[in-house]
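Shown next, in structure tokens, is the structure this report addresses.
FYI, it's all coordinate maths here, none of it is from the lab. Just so you know, these numbers come straight off a predicted model, no measurement behind them. Backbone-built Cβ (ideal geometry, glycine too); neighbour counts: all protein chains shown.
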Amino acid sequence: MLNVGASLWPAIVDQLSVQSGYETALGAALGDDLEASSDAGAPMHWSVAIEDYVDPALPRAAEPLSRYVTGNALLKRRLDQIGIVDAVDGPALMHALKPGQRLVTLDGALWRWDGFVAAADAPSPAAQRLAQRNRLAELDAEITRARGERNAAKRDVEALTAALTTARQDEKNQREGWRMAQHAIGAAQAEVDRAQRAIGDLTTRQSALEEARTRLATSLAEAEAMREQAESLLEEAGEEGDAADMAEDLQAALAVEREKADRARLKLGSFETAARMRDNRLSQLQRDSMARTRRRDGAMAQLATLDQRTAEVSAN
């Protein structure tokens with residue numbers, strides 16, 4: 001169990017930062033010495049090394065443990081004299097060690113300058129303590145990372161929930177727009193149907209007026225022909241009395257025909273006026289029909305757009 005700071009004089013091991021994987025080597029090399037404090041007032045402690053010392057170098061194949069352990073300068077001299085080696089090189093290199101030097105492997109095997117040898121075994125309490133502290137730091141980092149991932153996931157969920165709410169509201173609005181577009185299409189179609197019926201009625205009336213105008217024009221032509229014939233007969237009349245009688249008869253007939261022609265002209269004029277009004281009304285109805293058709297096409301296009309957006313929302 002890791003109990004940093006539980007003692008009156010905290011062990012120096014609690015001040016060290018050891019690269020992961022080197023905890024067992026450090027524990028095997030120093031053992032219980034790591035439990036000593038850095039406080040000079042402690043009964044068992046590490047103090048400042050002798051100044052201006054010249055320690056012998058480690059064998060060439062050994063790498064100083066001080067490269068992988070930091071945190072307290074009081075251990076620097078000791079760590080410089082501990083070499084990291086491979087297990088197969090330890091026995092041969094032990095004979096090259098100078099007084100105070102030792103070799104250690106990552107799994108805890110130890111060779112000391114004075115001939116002491118210790119095989120790799122269970123990690124020492126100090127090594128376990130260092131490994132636990134490194135693991136604790138890793139767990140703290142993992143917890144921080146996990147909290148960040150949890151918060152990010154929470155934000156993602158909140159964003160997705162808001163997006164879902166927006167999409168549902170958008171779908172509701174689109175459905176309402178679709179219903180309104182359907183209603184507008186129905187109303188426009190009804191207007192188009194009414195316009196088409198009105199156009200049919202006007203076409204029928206136009207045909208009837210054309211027939212009446214043709215008949216009146218024929219009658220007028222016949223009256224004009226009769227008048228010309230009467231005038232010609234009048235000019236050809238011989239006796240004055242007979243001519244007068246004939247002229248009176250012809251004048252009466254001509255008056256009748258003129259009256260009929262005038263009535264025909266009036267009636268034809270009224271028919272032409274009605275035809276012009278009908279043509280104007282027909283043109284207006286055609287324009288209204290085209291406008292309603294454009295409105296219907298616009299509503300259909302809007303409906304198609306709403307259907308497409310509804311399909312996209314449903315797909316998401």
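The table below gives the values:
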quantity: Which labelled figure in (1) 38.9; (2) 17.7; (3) 15.9 is mean projected area of the Cα convex hull in nm², once derived from the coordinates; calculated: (1)
quantity: Likely footprinting exposure, Trp178, Trp111, fewest C-beta neighbours within 10 Å first; calculated: Trp178, Trp111
quantity: Sequence-separation-based contact order of region 173-315, relative, with Cα cut under 8 Å and 6+ spacing, percent; calculated: 54
quantity: Gaussian network model of the chain, springs between alpha carbon atoms under 10 Å - residue of Ser37, Ser17, Ser207 with greatest fluctuation; calculated: Ser207
quantity: Prolate/oblate/rounded call for region 1-90, Cα gyration tensor, a/c under 1.5 rounded; calculated: oblate
quantity: For Ser283, Ser219, order by how many other beta-carbon atoms lie within 10 Å, fewest first; calculated: Ser283, Ser219
quantity: Crossing angle, helix 240-315 versus the chain [Cα axis fit, 0-90 degrees, rounded to tens]; calculated: 10
quantity: GNM top mover of Ala208, Ala304, Ala141 - the chain, alpha-carbon springs below 10 Å; calculated: Ala208
quantity: Rounded to whole Hz, the Karplus (6.51, -1.76, 1.60) HN-Hα couplings of region 195-208, x for glycine and proline; calculated: 5, 5, 5, 4, 4, x, 4, 5, 5, 5, 5, 5, 4, 5
